[in-house]
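Just below is one structure, and these are the notes that go with it.
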Amino acid sequence: VQLQASGGGLVQAGGSLKLSCAGSGASFRTNYMGWYRQAPGKEREWVARVAPGGQTDYTDSMKGRFSISRGSAKSTVYLQMDSLKPEDTAVYYCNAIYRGRTYWGQGTLVTVSS
């Protein structure tokens, strides 16, 4: 089981990025998938998750700016990030819970310049 994250990069404050995370080796259609992030010198924090049925949850500070969704095959998860701020700079990790175990992608770096 693997998760491959992509889409990070350098963007100016106020800009947008869309992260992708493709799962392989298993079908995640009946599992939660989500995103976390870890800023320099800080602990990893939860960003958002999407349930198998499509329900979404977000950390309060990201509601209205970030949007999580799943691909049609349900094993890909996206994170659309708008109105980015310098404090959103972090390595973003996708994860999925499969058969009681949490799997993590390798992380993709998002840098927001002021």
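Annotations
- Test: Gly64 is of a type in the set (Gly, Ala, Ser) and open to solvent by 40 Å² or more (accessible area, probe 1.4 Å): yes
- Top-ranked residue in the stretch 5-44 [being under 11 Å from the mean Cα position of the chain (by Cα) and of a type outside the set (A, V, I, L, M, F, W, C); ranked as farthest from Val112 (Cα to Cα)]: Gly34
- Applying the set (1) out of contact with any strand residue (DSSP E or B) (no Cβ under 9 Å at 6 or more places or on another chain); (2) open to solvent by less than 40 Å² (accessible area, probe 1.4 Å) to Arg99 leaves exactly one unmet item: (2).
- Pairs with Cβ under 8 Å, 6+ apart, first in the stretch 45-60 and closer than 9 Å to Trp35 by Cβ and open to solvent by 40 Å² or more (accessible area, probe 1.4 Å), second of a type in the set (Gly, Ala, Ser) and not in a loop (DSSP other than H, G, I, E, B): Trp46/Gly34; Arg49/Gly34
- Residue in the stretch 13-35 that is free of Cβ contacts under 8 Å to residues at least 40 places away in the same chain, surrounded by fewer than 15 Cβ atoms within 10 Å (Cβ to Cβ), at positive phi and not charged (D, E, K, R) present: yes
- Residues satisfying the stated conditions in the stretch 50-109, i.e. hydroxyl-bearing (Ser, Thr, Tyr), more than 14 Å from Phe28 (Cα to Cα) and modelled with pLDDT of 90 or more: Thr56, Tyr58, Thr59, Ser67, Ser83, Thr89, Tyr92, Tyr93, Thr108
- Among the candidates Leu79, Leu109, residue that is under 12 Å from the mean Cα position of the chain (by Cα) and open to solvent by less than 30 Å² (accessible area, probe 1.4 Å): Leu79
- For Pro40, the conditions (1) modelled with pLDDT under 95; (2) open to solvent by less than 40 Å² (accessible area, probe 1.4 Å) all hold with the exception of (2).
- Taken together, the residues in the stretch 24-46 that are touching a Lys or Arg at 6+ places or on another chain (Cβ under 9 Å) and closer than 19 Å to Lys74 by Cα amount to 11.
The values are calculated or read from the model by the stated rules, or taken from the named source; none is laboratory data. Predicted model, so just to flag it, every value in this text is computed and none were measured. No Cβ is skipped: glycine too gets one built from the backbone with ideal geometry, and neighbour counts run over all protein chains shown. The protein model used for the area step is the full one, side chains on, heavy atoms only, and it has no ligands, DNA or RNA in it. Shrake-Rupley method; radii C 1.70, N 1.55, O 1.52, S 1.80 Å.
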